[in-house]
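A.B. asks: My questions all concern the structure below.
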Amino acid sequence: MNIPKNYNHTNVEEKWYKYWLDNKYFHSEVDDREPYTIVIPPPNVTGVLHMGHIMNNTIQDILIRRARMQGKNACWVPGTDHAAIATEAKVVDKLKKDGINKTDLSREKFTEHAWEWTHKHGGIILNQLQKIGASCDWDRTKFTLDDTLYNSVIKVFIDLHKKGLIYRGIRMVNWDPQAQTAVSDEEVEYKNEQSKLYYVRYKIKDSDEFVTIATTRPETILGDSAVCIHPDDERYKHLHGKKVIIPLVNREVPIIADDYIDLEFGTGALKVTPAHDENDYMLGQKHNLKSYDIFNDDGTMSEAAQLYIGKDRFEVRKLIVKDLEKDGYFVKSEDYTNRVGFSQRTNVAIEPKLSMQWFLKMEDLVKPATENVANDNVRFLPEKFKNTYSHWMENIRDWNISRQLWWGHRIPAYYLPNSNDFVIAATDEEALILAKEKTGNNDMKISDLRQDEDVLDTWFSSWLWPISVFDGINNPDNEEINYYYPTNVLATGHDIIFFWVARMIIAGYEFRDEKPFKDVYFTGMVRDEKGRKMSKSLGNSPDPLKLIEKYSADGVRVGMMLCSPAGGDLLYNNNLPEQGQKFANKIWNAFRLIQGWEISNEIKQPENAKIAIEWFEAKLNSSIENLDNQYDKFRLSEALMTVYRLFWDDFASWYLEAVKPNYQQPIDKETFEATNRIFEKLLKLLHPFMPFITEELWQLSAKRKENETIMLQEMPKSEKFDKEILKKFEQTQDVISNIRKIRKDKNISFKNKLELKIKPITDKYDNYFDSIISKSCGLSSIELTEEKIIGASSFIVKNAEYYVPLGDSINKEEEIEKLEKELKYQKGFLMSVSKKLSNERFVNNAPDAVVNKEKAKQAESESKIKAIKEQIENLK
């Protein structure tokens, strides 16, 4: 077999991914097998591949490939999210570069530009996912604005409205002045900002007295409706029922008393701006205060502000302080650390703003979703995120589901002529029928109705994702939804536990009375070596495609998974994919070694090979048992390390050394065939982690039928194995390592055969692995002895002394020094064990098996100390 010396990953990856696609190995249809379903967390349609995508999608691919090899009907549904705010921002930016303003376009024309952008950029990230080997069912690719999914969203809105769960009203919302839309509480990221606390005095009406307030936002003074004091504050009791005059605009407003006030903050007197602070809004509602909306949607001052009209809010902050100072209202300012909310989408400071919005009542909707995570019907991994989830669910607020955008699912509310009254309908035609019924006006036309301008929050479509990708909203009893739902596992970042995970669970129970998935595997964040979040601005985020080009897709996958515990952050550096690449090369070179052996039908299988095969098959079955347990617990990094060590340490370093033929000698057919069988099993275990190299080597390792693939081969199962043989071989490994060290330390060539003398200390010596020791160490003989061997290098393993006679070449001083070091270690070890056994609490409370194990350690250590002392005496 002509196997290239070096592994050319680029050719291999292109060849096999095309082969998999051409043969539709990723495609799933309903059949009699057990389904295994994953829906991809849909990336933004405008997105490009980043390191977080690599980690998250590698995890999903590992799970789906393993399920496929277990004989399950594996279905991994890909797709993208229309990402309303992000996409609209990109389209607006693109139009600006072309000299076009959004405001100059009709909604229909703008939407055409958005679709053009989507068709041009929408497939990029999905194509990039193919580069890492993602085995998604690409025939099922979905987009949240596809007709089926669009109709699902509208149907759900209508259903919830009929149930009285959706309402419209003016509420305080988080306003993003750059995107010019409301955003949900979960889309606001709070940061500590070094700002100023400004002290400003307000004149009491009909008095020479002033009251001083403290604020971090002096620009909002122009929207003040009252000053609030605590009813029990002795400093201000004389001001009850009086009025103050707002500086600069000279507006008379009442002084109100409310125990909401914190007596310790600032001056104890609070300015109340109901239109631009959530707590002030509640005070305003309680005390029936008027609201003054002083900001335009873009964050500039509105006409209601009276001053600085059209200027940006942050510019006005500087201007108003100067004017307050000039007119004698400014008292002082001091440094202050303030928590400021920023829009996650645009990184612009949020402006609390009164706005007419659509809301979804959440209080009753969340109950089944809360209960079924608490009882592990939906299992969270790691479990610690259950507390985060339950805290949010127990304190949930109504969901602001409307966004002031044009790109997305348009709210299906149609306003009646010259009225704020409306009907809810899926189409214009249905709306007209309902409007005629509601008004009794049969002459009404569609053109008389006006559809709501807003679209729904992006998450209002993606919360239906596990259902809508199988058309379970429009056709709730169809074959696919009944077969594939609930899905098996959701792999996603813990940062969207509220945005998406919680809401999907809510939707699952509301619309199908069933969980959307059985397990949620939370991934951590990919960070740089300093623990910083990766970002373009910091320049610390490598291009995944360049990493794949350099280190191979398999190398990058392995690198990302080596240090990715569930829920834990990954500190990335290029050593990780490099380690993955080295592992791929190790696999490739092991295959080349095996296939390079000459095979003989005449040679009888040697004893060392027979025993090595028996040991490795036991090790393989033990590892598979361990591997299955790690998969069940979603310990995927540990699972990778299990198969990594099995191949690198046990197979390549121990097994191949034990069975390989002597230099320029052939190997017997029986051992060669057994080695090939073992290697093929290893490839199958490695395949979910390293799909490309395993496919290439599996195809090369035997003559395959047309259209065969490793991905549809049965995953090896653990069979019964002898645990004792594994324990014994660990002892054998120690013996071999010690003899190899003697050769290395004494610079003895492997061509020079050595003798090995063994003196049992207590137990009878087990010679089962002698043939492997002899082969691996280049021994001429292994003999038992009752005497200590003078002039030999020696060591102790378990309950036996081992001697390698070296004649005149032994250096007694070096040997004594080595033995004295070992004696010191054993004395320290014995002391620690004896201390534990002298502890009455330990002996009385620990299980008998644990105590007996410690006693066995004590006895073994005492035997070793005695033997080492005798060896030292014999050398003196």
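A.B. asks: Taking a 18 Å limit on the Cα-Cα distance, which of the listed pairs Lys205/Lys326; Lys681/Lys703; Lys90/Lys311; Lys660/Lys723 fall beyond it? The partial results should precede the final answer.
C.D. replies: On the way: Lys205/Lys326 21 Å; Lys681/Lys703 16 Å; Lys90/Lys311 25 Å; Lys660/Lys723 25 Å.
Violating the 18 Å Cα-Cα cut-off are Lys205/Lys326; Lys90/Lys311; Lys660/Lys723.
A.B. asks: Between Asn574 and Met641, what FRET efficiency comes out of the Förster formula 1/(1 + (r/R0)^6) with R0 = 22 Å and r the beta carbon distance, rounded to 0.05? Don't skip to the answer; put the middle values down first.
C.D. replies: Numbers: r = 20 Å, r/R0 = 0.90.
Computed FRET efficiency for Met641 and Asn574: 0.65.
A.B. asks: Right, another one. Please state the charge dipole magnitude for the chain, taken about the Cα centre, from unit charges on C-beta atoms (+1 on K and R, -1 on D and E), reported in debye and rounded to the nearest 20. Walk me through the intermediate numbers first.
C.D. replies: Details: 123 positive and 138 negative charges, 526 e Å.
Magnitude of the dipole: close to 2520 debye.
A.B. asks: Looking only at the chain, where both bridge partners belong to it, what percent of the DSSP beta bridges are antiparallel (to the nearest 5)?
C.D. replies: Roughly 70 percent of the beta bridges in the chain run antiparallel, per DSSP.
A.B. asks: Helix 51-69 versus the longest principal axis of the chain: what angle, 0 to 90°, nearest 10, using Cα atoms?
C.D. replies: 60 degrees
A.B. asks: Given the convex hull of the Cα atoms of the chain, what is a quarter of its surface area in nm²? Show your work: numbers first, answer last.
C.D. replies: Numbers: hull surface 206.8 nm².
So the mean shadow area of the Cα hull is 51.7 nm².
A.B. asks: In degrees, nearest 10, range 0 to 90: what is the angle between the Cα axis of helix 723-746 and the longest Cα principal axis of the chain?
C.D. replies: In the chain, helix 723-746 runs at an angle near 70 degrees to the longest axis.
A.B. asks: In deg cm²/dmol and to the nearest 500, what is the mean residue ellipticity at 222 nm of the chain if only DSSP H runs of at least 4 residues count, each as -39500 (n - 2.57), divided by the residue total?
C.D. replies: Result for the chain: -13000 deg cm²/dmol, rounded to the nearest 500.
A.B. asks: Give the distance, in whole Å, between the Cα centre of the range 805-867 and the Cα centre of the range 456-476.
C.D. replies: Rounded to whole Å, the Cα centres lie 65 Å apart.
A.B. asks: Round to the nearest 10 and report in Å² the accessible area of Glu510, as given by a 1.4 Å probe over the protein chains' heavy atoms.
C.D. replies: 60 Å²
A.B. asks: No solvent, one uniform scatterer per C-alpha: report log10 I(q)/I(0) for the range 386-530 via the Debye equation at q = 0.12, 0.21 1/Å, two decimals.
C.D. replies: -0.69, -1.23
A.B. asks: Treating the angle as unsigned and between 0 and 90°, give the value, to the nearest 10°, between the Cα long axis of helix 607-632 and the longest Cα principal axis of the chain.
C.D. replies: The helix 607-632 is inclined about 20 degrees to the chain.
A.B. asks: Right, another one. Would you list which lysines come within 20 Å of Lys827, measuring only between C-alpha atoms, while excluding same-chain residues fewer than 8 positions from it?
C.D. replies: Within the straight-line limit of under 20 Å, Lys827 reaches these lysines: Lys798, Lys818, Lys835, Lys836, Lys853, Lys855, Lys857, Lys864, Lys866, Lys869.
A.B. asks: Over the range 570-679, how many percent of alpha carbon pairs lie in each 5 Å bin up to the one with the longest distance?
C.D. replies: 2, 11, 19, 20, 17, 13, 9, 6, 3, 1, 0
A.B. asks: I've got another one for you. Using the Cα centre of the chain as origin and beta-carbon charges of +1 (Lys, Arg) and -1 (Asp, Glu), tell me which of Leu700, Gln733, Ile548 is placed farthest towards the positive end of the dipole.
C.D. replies: About the Cα centre, the residue reaching furthest to the positive side is Gln733.
A.B. asks: Using the heavy atoms of the protein chains and a 1.4 angstrom probe, tell me the accessible area per residue for the chain in square angstrom. Show your work: numbers first, answer last.
C.D. replies: Details: 41350 Å² over 876 residues.
Per-residue accessible area for the chain comes out at 47 Å².
A.B. asks: Hey, another quick one. Give the residue from Phe460, Ala435, Ser447 lying farthest towards the positive end of the charge dipole for the range 415-466; charges sit on Cβ (+1 for Lys and Arg, -1 for Asp and Glu) and the dipole is referred to the Cα centre.
C.D. replies: Farthest along the dipole direction, towards plus: Ala435.
A.B. asks: Radius of gyration and Dmax for the range 73-160's Cα atoms, expressed in Å?
C.D. replies: 15.9, 52
A.B. asks: Here is a further query. State the dimensionless ratio Rg/Rh of the range 832-876 (Rg: radius of gyration of Cα atoms; Rh: Kirkwood radius). Each step should come with its number before you reach the end.
C.D. replies: Working: Rg = 14.2 Å, Rh = 11.8 Å.
Computed over Cα atoms, the ratio is 1.20.
The values are calculated or read from the model by the stated rules, or taken from the named source; none is laboratory data. Quantities reported herein were computed from a predicted structural model and do not represent experimental measurements. As a convention, Cβ positions derive from the backbone with ideal geometry for all residues, glycine included, and neighbour counts pool all protein chains shown. Accessible surface areas use protein heavy atoms only, side chains included; no ligands, DNA or RNA. Shrake-Rupley method; radii C 1.70, N 1.55, O 1.52, S 1.80 Å.
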